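Have a look at the structure below before the remarks.
The values are calculated or read from the model by the stated rules, or taken from the named source; none is laboratory data. Predicted model, so just to flag it, every value in this text is computed and none were measured. Cβ: placed from backbone, ideal geometry, glycine included. Neighbour counts: every protein chain shown.
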Amino acid sequence: MNSKKTLLILAGGLGSRYKGLKQIDGIMDNGSPILEYSIYDALKAGFSKIVIIVNRLIPKSYIERLNTISEDKNFELHWVYQEKDSFLPSDFDLSQRLKPWGTGHAVLCAKNVVQEPFVMINADDFYGKEVYQLAAEEIDVHISESQFGMAAYPVASTLSGNGNVARGICTLDHEDYLVKIEEQTSVRKEGNSILYTDNGKDIEISPDTLVSMNFFIFHPDIFTMLDLYFNDFIASNPALSQEFYIPSAVQSMMDEKKAKVLVKASPSQWMGVTYADDKNTIKDFLTSEIKKNRYPEDLWN
């Protein structure tokens, strides 16, 4: 059994469609953003260490807020900045690069502070209480140097009423191991159908099709592989806007037989904030959860 478990939160995105720092935008009157609900759920499931990947736009006032909560609730908290020059050759020309290097690079930035099995999530996604309990059990039983895990969600429960969303459509084998993740950026509901557009053609998918919402369960050995893959990515002379994504890195590991990924359907409801108008939907959802006594009105008091 792995006694120490870490939650790694990716909070370094720029939130262009949301038009703001949605990672720290308080959802409820208590001022807690979604990432604090994730921390709360993970702590309840037995996680004891939180690592947050951030960019330099995160206000010091929010860092101080969460540091105070960490001290009061006695959990280990680390802040890691995703710098554009991290893990790059010293002579690499960054003068034209505007965007961060993507989620794979963000995870790699945690290499020096994570030495135990960990769950990786997005800061702006609400994954649900039970999925952290599932992840804790997976870490204790299945996670190893060659086997990772992922909690996936039915696509119907992950759509936004305010526009298209990007989703990683999962293909599994007969033992529920991941075969591939196919990233589609135009997933939406039209009438009673769920569609995405690929090469100009609309393709309908079943509502219960599992999609990746970036809830991965990793062994720390992944950092060695990410380092190698990121070096290869940089050596390929990527375009100025090209990013190094964690699903692509995981796909390479599977294709090269370096790791398997066991997929479990999440027992929890997913909620997310892609667009600013999505905030009202998740606020209503969390209000309902509070009324059911699944969360206190103020998470930390």
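Of the strands (runs of 3 or more DSSP E) that lie entirely inside the range 195-294, those containing 2 or more residues that are among the charged types (D, E, K, R) span 201-205, 260-265.
Per-residue answers, yes or no, for (1) out of contact with any helix residue (DSSP H, G or I) (no Cβ under 7 Å at 6 or more places or on another chain); (2) farther than 19 Å from Val261 by Cα; (3) among the aromatic types (Phe, Trp, Tyr):
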| residue | (1), (2), (3) |
| --- | --- |
| Lys84 | yes, yes, no |
| Pro117 | no, no, no |
| Glu175 | yes, no, no |
| Lys180 | no, no, no |
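Of all residues in the range 211-251, those that are farther than 21 Å from Glu137 by Cα, crowded, with 16+ Cβ neighbours inside 10 Å and not hydrophobic (A, V, I, L, M, F, W, C) total 6.
Please specify each residue of the range 262-283 satisfying the condition of being free of Cβ contacts under 8 Å to residues at least 24 places away in the same chain and either under 25 Å from Ile69 (Cβ atoms) or touching a strand residue (DSSP E or B) at 6+ places or on another chain (Cβ under 8 Å) (or both). Let's see the steps before the verdict.
First pass over the range 262-283, keeping only residues free of Cβ contacts under 8 Å to residues at least 24 places away in the same chain: 280.
Passing the criteria: none in range.
Residues of the range 189-200 that are within 22 Å of Ala265 (Cβ to Cβ) and either touching a Phe, Trp or Tyr at 6+ places or on another chain (Cβ under 9 Å) or among the β-branched types (Val, Ile, Thr) (or both): Ile194 alone. For the range 43-63, a tally of residues being under 18 Å from Asp298 (Cβ atoms) and modelled with pLDDT of 95 or more returns 2. Pick from Ala152, Ala135: which is in contact (Cβ under 8 Å) with a residue 24 or more places away in the chain, within 20 Å of the chain's Cα centre (by Cα), more than 21 Å from Ser252 (Cβ to Cβ) and surrounded by 14 or more Cβ atoms within 10 Å (Cβ to Cβ)? Unique residue meeting the criteria: Ala135.
To keep it simple, each residue is scored yes or no on (1) within 22 Å of Val165 (Cβ to Cβ); (2) among the polar types (S, T, N, Q); (3) crowded, with 17+ Cβ neighbours inside 10 Å.
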| site | (1), (2), (3) |
| --- | --- |
| Trp270 | yes, no, yes |
| Asp277 | yes, no, no |
| Phe285 | yes, no, no |
| Pro296 | no, no, no |
